[in-house]
Amino acid sequence: MIRRLAHPLGEVQVTRKGIRHLYLRLDAESGALRVNAPRRISDAEVLAFIDDRAHWIERQRARQAERPPIFGATTLPDTIHLLGRAHALERVTCPDLPAGRARVTLDADRVRIHCGSDDPQLARQTAHLALREHCRGLLREQLERRVEPWARAMGLATPIHRIRRMRTRWGTCNIRDRRIWLNLELARMPVEVIDLVVVHELAHLIERGHNRRFYAVMDDAYPDWRRWEPTLSEYGIIGL
C-alpha cells in the first residue's frame, strides 16, 4: 500500500510492506523522499523518522544539487569516482585515432579519454561510450572476483550475472532463471558497496521478498551491510 504524507521537507511517499525496519531513500534525480515502512508503523512514526534524519536529508540533497550529470549537454563532468575513488576526468583529441573512436587511460588520480575527432558532438558521443565501456570492464572484473565467493559462502550455486544500465535500481534478480543483473554505475562504488548489492540480490535466491527472513539472510552473510547502504544514496544514479 502506497500513501503520501506531507512534511516540511516535502511530500513523503510511504510504501508499507512486511518488513521490520523503516528505510529511507532519496530519488536520485528529484531528491523526493521515499520510505518503506512496516505495516504496523503509524503515519506519525514515519514523520518522526523523517524528522530524525532531517540534517542527513538536507546534506544529501545538497550533494545531489552539486553532482554533475555524466551526460551533460556539451561537456563531461570534471570528476568521476571509480571504485570509490575520485578521479579528474579529461577529454583530449588524439590524431592517431580515427574519427568516432576513443580510448581511456587511467593513472592514480586522472581519467583521460582520447578521442579521434575534434568535432565537439562526435567527440562527446564517443567519449561517453568509451567511458561507459571502461566502467563496464572495471565492474565485470570485480564481479568475477566477488559473485562466486559470496554465492559459495551463502550456500548457493553461482548464478548467471550480467551488467546493464538501470535508471532506478542497483540490481535485480530473476529467481526462476537464477540470474542477477547489476547496475553499471556500481563501478563508481567502493567494493564494500558492490558486495552489499551482490549479497542483496543473492539473498533473493534464498528468500524472494523483503521480509524478516530476507534480512536475516543479509545479516548472516554480510553483517556490515547497513553501514554501507547510505553510500548508494550518497553517490546516486547519475546516468553513466
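The values are calculated or read from the model by the stated rules, or taken from the named source; none is laboratory data. Please read these numbers as outputs of a predicted model, since none were measured by experiment. Virtual Cβ from ideal backbone geometry, glycine too; neighbours counted across all protein chains shown. Surface areas here come from the heavy atoms of the whole protein model, side chains and all, with no ligands, DNA or RNA. Shrake-Rupley method; radii C 1.70, N 1.55, O 1.52, S 1.80 Å.
Structure data summary
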{"item": "Sole exception among (1) over 17 Å from the mean Cα position of the chain (by Cα); (2) closer than 26 Å to ARG208 by Cβ; (3) open to solvent by less than 70 Å² (accessible area, probe 1.4 Å) for ALA127, by number", "result": "(2)"}
{"item": "Strands (runs of 3 or more DSSP E) wholly inside region 155-233 containing at least 1 residues that are of a type in the set (Lys, Arg) and more than 20 Å from TYR23 (Cα to Cα)", "result": "160-164, 179-183"}
{"item": "Hits in region 1-42 (condition: among the charged types (D, E, K, R) and either farther than 23 Å from ARG212 by Cβ or part of a strand (DSSP E or B) (or both))", "result": "ARG3, ARG4, GLU11, ARG16, LYS17, ARG25, ASP27, GLU29, ARG34"}
{"item": "Scan of region 62-81 for residues that are open to solvent by 50 Å² or more (accessible area, probe 1.4 Å), under 16 Å from the mean Cα position of the chain (by Cα) and at pLDDT 65 or above, ordered by number", "result": "ARG63, HIS81"}
{"item": "Region 20-39: number of residues that are open to solvent by 40 Å² or more (accessible area, probe 1.4 Å), under 17 Å from the mean Cα position of the chain (by Cα) and not acidic (Asp, Glu)", "result": "3"}
{"item": "Given (1) out of contact with any strand residue (DSSP E or B) (no Cβ under 9 Å at 6 or more places or on another chain); (2) closer than 30 Å to LEU129 by Cβ; (3) without any contact (Cβ under 8 Å) to a residue 40 or more places away in the chain; (4) surrounded by 15 or more Cβ atoms within 10 Å (Cβ to Cβ), index of the condition TRP225 fails", "result": "(2)"}
{"item": "The lone exception for ALA44 - which of (1) at positive phi; (2) modelled with pLDDT of 90 or more; (3) not aromatic (Phe, Trp, Tyr) it fails", "result": "(1)"}
{"item": "Total residues in region 163-189, condition open to solvent by 20 Å² or more (accessible area, probe 1.4 Å) and in contact (Cβ under 8 Å) with a residue 60 or more places away in the chain", "result": "5"}
{"item": "Hits in region 47-60 (condition: open to solvent by less than 40 Å² (accessible area, probe 1.4 Å) and either outside any helix (DSSP H, G or I) or on the phi > 0 side of the Ramachandran plot (or both))", "result": "none"}
{"item": "All positions within region 82-124 that are open to solvent by 30 Å² or more (accessible area, probe 1.4 Å) and hydroxyl-bearing (Ser, Thr, Tyr)", "result": "THR93, THR105"}
{"item": "LEU196 being of a type in the set (A, V, I, L, M, F, W, C) and open to solvent by 20 Å² or more (accessible area, probe 1.4 Å)", "result": "no"}
